[in-house]
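Colleague: Here's a structure for you.
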Amino acid sequence: MNHAEITAWLRETDADRLAELWQSADRVRQQHVGDQVHLRGLIEVSNHCVRLCGYCGLRAENTSVKRYRMSADEVVACAEEAVERDYGTVVLQAGEDPMLSTDFISELIRRIKSSTPLAVTLSLGERSNEELAEWRTAGADRYLLRFETSNRMLYERIHPPRPGERSDRIAILHTLRELDYEVGGGVMIGIPGQTYDDLARDIELFGTLDLDMIGSGPYLVHPDTPLADPKNRPSASDDRQVPCDELTAYKVIALTRLVCPLANIPSTTALAVLDADAGWKFGLTRGANVIMPNVTPSKYRMLYDIYPGKAYTTEHIDVECINAIGRRIGVGRGDSPNYEKAACGLAIHLH
Ligand code: 5AD
């Protein structure tokens, strides 16, 4: 699909045409990743963050958040809970927190990998190449790092670099690939100043980067952030600005599936915030094949305040819900077929 076609779909308003988009995304999902819905247990390890992102409630300067950091034992207990619930993966997510040292995370990975059959996904922000390499050696399987937007100017406005550094998430995604991680990226949908052209380029970039996992969700305004103030907001003219609504989020999921047929694509929590009852279901029937239920203890979950409403999403997604839409709960780790394809290609190459 070319740039013009993606842009046209993003702007589409006709219900019959959109029904065709949902159907083709669902068909491609079925053909390439099948009917299994993989569940990933999300563990929000720490809400400390050194960054100053204009959109995120965990930004360092937000003094109204009470900060926490889980102990290794607490994280391992959550991983055990994930095993009990039959999940195949845990995702260790946190703000960019230097106190989560290289050794602390390595040790945690080793403990989880030696005592459970879980795949371990890390989502710890922009960390050094050395740390990423060490965590891979310790047994981490996957890494999630959304690039948020492919528009460099917009990215720099909403995501200031650390002093003396340049934030280059695309470069980190390449490093992760070289380290043989399963690599995940994604964007926010409807960031102030994000145009339809920008978002179409984001989706094209998912394909160019050949991502194994792609999670995107609507941008939600957090009142304690700079972007909540209209004076600080980047702007695009009304007819070019992407809305941060549910419909656009479903279009992005569907188009992502068409561009990256083999990727694992979650129906994200931000979608569940916009539509608590049916968000997950529409995500799954319009291209997604993954859900990430939260297994963080509730006393911490309440404090992981990236955007409003997040802590209150209840994801009571059980076998019946999944079966009701003609799908089944994933068995095993649910590795990305896109990653397996690459590994298989390499094996043939080496022969
Ligand atoms: N609205 C929606 N998504 C957000 N994220 C951070 N802040 C917000 C917000 N206000 C997303 C970013 C980040 C992920 C962990 O959460 O895309 O990569």
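Rule-based calculations on the coordinates, nothing more; no lab input. These numbers were taken from a predicted model, which means no experiment stands behind them. Here Cβ is always computed from backbone atoms with ideal geometry, including for glycine, and neighbour counts include all displayed protein chains.
Colleague: Rounded to the nearest 5, what % of the DSSP beta bridges within the range 3-350 are antiparallel ones?
Modeller: Numbers: 2 of 30 bridges.
Given both bridge residues lie in the range 3-350, the antiparallel proportion sits at roughly 5 percent.
Colleague: A further question on this structure: Can you tell me the alpha carbon radius of gyration of the range 120-234 divided by the globular rule-of-thumb value 2.2 N^0.38 Å?
Modeller: On the way: Rg = 14.9 Å, N = 115, 2.2 N^0.38 = 13.4 Å.
Here the Cα radius of gyration is 1.11 times the empirical estimate.
Colleague: Please list the non-local residues whose amide H lies under 5 Å from the amide H of Arg40, H modeled 1.01 Å from N, same-chain partners needing a gap of 5 or more.
Modeller: Amide H neighbours of Arg40: Ile291, Met292.
Colleague: Restricting to the range 46-183, compute how many DSSP beta bridges are antiparallel as a %, nearest 5. Intermediate results must be reported in sequence, preceding the final value.
Modeller: Values: 1 of 11 bridges.
If I count the DSSP bridges inside the range 46-183, around 10 percent turn out antiparallel.
Colleague: Working out 0.36 nm times the residue gap between Arg152 and Asn323, then minus their Cα-Cα distance, what length gain in nm do you get to one decimal? Walk me through the intermediate numbers first.
Modeller: On the way: separation 171, 0.36 × 171 = 61.56 nm, distance 4.19 nm.
Working it through step by step, the gained length comes to 57.4 nm.
Colleague: Another question about this same structure. Just how many pairs of Lys in the range 3-350 have C-alpha atoms closer than 24 Å, counting pairs that are eight or more places apart or on different chains? Walk me through the numbers on the way to the answer.
Modeller: Numbers: Lys66/Lys299; Lys66/Lys310; Lys113/Lys341; Lys251/Lys281; Lys251/Lys310; Lys281/Lys310; Lys299/Lys310.
Number of lysine pairs found: 7.
Colleague: Quick one, can you get me the convex hull of the C-alpha atoms of the range 186-330 expressed as volume per residue in Å³?
Modeller: Details: hull volume 17.2 nm³, N = 145.
So the per-residue Cα hull volume is 118 Å³.
Colleague: If R0 is 22 Å, what FRET efficiency do you get for Ala278 and Glu81 from their C-beta distance, rounded to 0.05? Don't skip to the end; give the middle numbers.
Modeller: Values: r = 27 Å, r/R0 = 1.21.
After rounding, the FRET efficiency stands at 0.25.
Colleague: Of Ala249, Ser336, Thr195, whose Cα points farthest to the positive end of the dipole of the chain (charges on the beta-carbon: +1 Lys, Arg; -1 Asp, Glu; origin at the Cα centre)?
Modeller: Toward the positive end, the furthest listed residue is Thr195.
Colleague: While we're looking at this one, here's another question. Just to verify a number: FRET efficiency for Arg110 and Ala4, C-beta to C-beta distance, R0 = 41 Å, to 0.05?
Modeller: Values: r = 49 Å, r/R0 = 1.19.
The computed FRET efficiency comes out at 0.25.
Colleague: Sticking with this one: Spit out the partnerless Cys residues in the chain, using Cβ distances under 4.7 Å as the pairing rule.
Modeller: Among the cysteines of the chain, those whose Cβ sits 4.7 Å or more from every other are Cys49, Cys78, Cys244, Cys260, Cys321, Cys344.
Colleague: Of the candidates Met153, Met188, Met302, which one comes out as most mobile in a Gaussian network treatment of the chain with C-alpha springs shorter than 10 Å?
Modeller: Taking springs between Cα atoms under 10 Å, the residue moving most is Met153.
Colleague: May I ask for the percentage of alpha-carbon pairs in the chain that lie more than 34 Å from each other? Intermediate values should be presented prior to the final figure.
Modeller: Values: 11896 of 61425 pairs.
Cα-Cα pairs of the chain separated by over 34 Å account for 19 percent.
Colleague: A follow-up question, please. If you project the alpha carbons of the range 14-102 onto their three principal axes, what span does each projection cover, largest first, in Å?
Modeller: Here the Cα extents, ordered largest to smallest, are 49, 36, 22 Å.
Colleague: Per residue of the chain, what 222 nm ellipticity follows from adding -39500 (n - 2.57) for every DSSP H run with n ≥ 4, rounded to the nearest 500? Write out the running numbers ahead of the final one.
Modeller: Details: 14 runs with 147 residues, N = 351.
Taking each H run of at least 4 residues, the total per residue is -12500 deg cm²/dmol.
Colleague: Something else now. Using each residue's phi in the range 156-163, evaluate 6.51 cos²θ - 1.76 cosθ + 1.60 at θ = phi - 60° and report the 3J(HN,Hα) Karplus result to the nearest Hz, with x for Gly and Pro.
Modeller: My calculation for the range 156-163 gives 5, 6, 9, 9, x, x, 6, x Hz in order.
Colleague: Moving to a separate point now. For Asp210, project a label point 7 Å along Cα to C-beta. Then give me every residue of the range 175-203 with its amide nitrogen under 16 Å of that point.
Modeller: Only 175-185 fall inside the zone, counting backbone N under 16 Å.
Colleague: May I pose another question? If you put +1 on each Lys and Arg Cβ and -1 on each Asp and Glu Cβ, how big is the dipole of the chain around its Cα centre, in Debye rounded to 20? Before the final figure, lay out each step's value.
Modeller: Numbers: 39 positive and 51 negative charges, 42 e Å.
Dipole about the Cα centre, nearest 20: 200 debye.
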